[in-house]
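Just below is one structure, and these are the notes that go with it.
The values are calculated or read from the model by the stated rules, or taken from the named source; none is laboratory data. Just so you know, these numbers come straight off a predicted model, no measurement behind them. Virtual Cβ from ideal backbone geometry, glycine too; neighbours counted across all protein chains shown.
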Amino acid sequence: MKREPSRRESLIALLILLAVALYLVSQMLAPYLNAIFLACVLGISGFPLYAALERRWHRPALAALTATLAIMALIAGPLLILAVTVVREAQGLYQTLAAASQSQGGWNVWLSNLLERPLAWMAHATGMAVPNLQAALMARLQSAGDASMASIGALFGNVTATLGEAAITFFTLYFFFQTIGRVQELAVHWIPLPEERVKELLRVAAETIRANVNGTLIVAAAQGALLGAGFAIVGLPRGWLWSVVGMFSSLVPVVGTSLVWVPAVAYLVWSGAWIRALILAVWCLLMVGFADNILRPWILRGSMPMNTLLVVLSIFGGIEYFGLAGIIAGPVVFSVTAALLRILREMLEEGAEAQEPS
């Protein structure tokens with residue numbers, strides 16, 4: 001006859017089985033963690049919309065579906081419009097360059113005339129012969145072209161994976177709206193802290209996420225507007241288009257809007273407009289960089305109980321550890337840590353007061 005296990009033995013066995021199960025679950029979900037995290041960020045940021053729809057219609061499923069579709073439209077709509085506009089502008093630029101090259105005898109002659117002055121200056125500065133410089137430059141351009149084609153191929157090869165992650169994100173977002181109340185109940189039940197403390201931690205995390213998302217959007221808009229203004233100051237065409245492109249490029253960690261203005265400065269230098277190139281570079285380094293390095297931490301300080309240095313470190317440290325998701329995850333981790341330290345101090349003070357003799 002089988003011996004009945006003791007409670008301790010049962011708990012140990014259960015914990016071992018649970019650890020194995022959680023490990024397997026984490027391994028299966030690992031490829032989709034970024035998509036799930038993004039869904040949580042979008043869900044927390046868009047929860048007021050869902051809550052308003054749910055109060056109006058009293059139908060959680062319909063409210064969740066409507067809120068999810070609205071967020072999808074807000075994200076996909078501008079990206080689609082921007083992609084179509086950039087393609088059209090690229091076609092127009094190609095046609096302009098093709099017409100200019102034909103009027104000068106073809107692409108080779110046009111390119112040689114375009115490179116004549118820069119190559120002569122480089123030859124004078126380096127002491128190398130112009131033919132050697134031209135051969136080295138063409139070799140570099142060939143390598144750059146091959147690398148670009150490889151990157152484009154990889155980009156199109158990853159389209160399926162990107163669409164799959166997007167589908168998982170919005171599918172998760174739909175259910176997140178409907179289960180967010182249940183998630184809070186589970187947190188209150190399983191975290192061994194007083195209920196008000198658990199709710200406080202959840203509130204701190206949610207407020208930090210909303211502030212970070214709002215701050216990111218404000219910074220993107222400010223950088224895009226300043227970038228467009230800089231293009232207008234130096235007389236570059238279609239400043240409005242590059243302003244919109246700059247808004248999206250500002251979301252890329254580390255490089256940000258330099259993806260837009262550095263090629264523009266290089267184009268001005270190539271054209272011989274040194275003063276305009278210097279003006280644009282200084283404008284973008286000071287004004288556009290100011291919006292990212294000063295405005296974002298200032299916005300986050302309103303919701304994070306930390307000084308500006310810690311806010312900046314939380315952003316860069318988050319990017320280093322979590323990747324792109326670290327823009328949001330880093331400040332959230334710092335904010336929750338600060339809240340835990342504050343709760344610990346308050347609980348210790350409450351315990352010390354309770355032990356003092358009356």
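Of all residues in segment 282-291, which are surrounded by fewer than 19 Cβ atoms within 10 Å (Cβ to Cβ) and modelled with pLDDT of 80 or more?
Matches in segment 282-291: V282, L285, L286, M287.
Residues in segment 52-63: is at least one exposed (fewer than 10 other Cβ atoms within 10 Å of the Cβ) and either among the basic types (K, R) or in contact (Cβ under 8 Å) with a residue 24 or more places away in the chain (or both)?
yes
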Condition broken by L193, with the remaining ones in (1) at pLDDT below 85; (2) assigned to a helix (DSSP H, G or I); (3) among the hydrophobic types (A, V, I, L, M, F, W, C) satisfied:
(2)
If you go through segment 321-358 one residue at a time, how many are assigned to a helix (DSSP H, G or I), modelled with pLDDT under 80 and among the charged types (D, E, K, R)?
2
Condition check for I233: crowded, with 21+ Cβ neighbours inside 10 Å, touching a residue at least 40 places away in the same chain (Cβ under 8 Å) and among the hydrophobic types (A, V, I, L, M, F, W, C)
no
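Of all residues being of a type outside the set (A, V, I, L, M, F, W, C) and surrounded by 10 or more Cβ atoms within 10 Å (Cβ to Cβ) in segment 1-29, which is modelled with the lowest pLDDT? Just the residue, please.
Among them, the one singled out is P5.
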